[in-house]
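A short write-up of the structure that comes next.
The values are calculated or read from the model by the stated rules, or taken from the named source; none is laboratory data. Bear in mind that the values here come from a model prediction, so they are computed numbers and not experimental data. Neighbour counts are summed over all protein chains in view; Cβ atoms, including those assigned to glycine, are modelled from backbone coordinates with ideal geometry. Heavy atoms of the whole protein, side chains included, go into the accessibility calculation; ligands, DNA and RNA do not. Shrake-Rupley method; radii C 1.70, N 1.55, O 1.52, S 1.80 Å.
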Amino acid sequence: MQDAKNRFSEVVEAARRSPQTVTKHGKPAVVVIDVAEYERLRRFERAQAPSFAEALLAMPQDDGDFSRDAVRMRDVEQ
């Protein structure tokens, strides 16, 4: 991380060519990517996620028939 801070402009230039992984204490912390790649990934993400309305419309249609378990109704005191 410290090296990336000291050489940030080099990290940015390298990220324009390919993603750059920045580590902290020897473990991957973040990835720096070119903005065009980021936008491509965002478009892909939006294309994959259906809207709430699409999810509702995709639900199976069964013409209102619901199977019900045979259970004893609870007693209601008045």
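Answer yes if at least one residue in region 26-38 is open to solvent by 80 Å² or more (accessible area, probe 1.4 Å) and part of a helix (DSSP H, G or I), and no otherwise. Yes, there is a match, as at least one residue in region 26-38 is open to solvent by 80 Å² or more (accessible area, probe 1.4 Å) and part of a helix (DSSP H, G or I). Here residue 22 meets the list (1) surrounded by 11 or more Cβ atoms within 10 Å (Cβ to Cβ); (2) modelled with pLDDT under 90 almost entirely, failing just condition (2). Among the criteria (1) modelled with pLDDT of 85 or more; (2) of a type outside the set (A, V, I, L, M, F, W, C); (3) part of a helix (DSSP H, G or I); (4) surrounded by 10 or more Cβ atoms within 10 Å (Cβ to Cβ), the one residue 9 does not fulfil is (4).
Within region 44-78, being modelled with pLDDT of 85 or more and either surrounded by 10 or more Cβ atoms within 10 Å (Cβ to Cβ) or in contact with a Leu (Cβ under 9 Å, 6 or more places away or on another chain) (or both) holds for one residue alone: 57.
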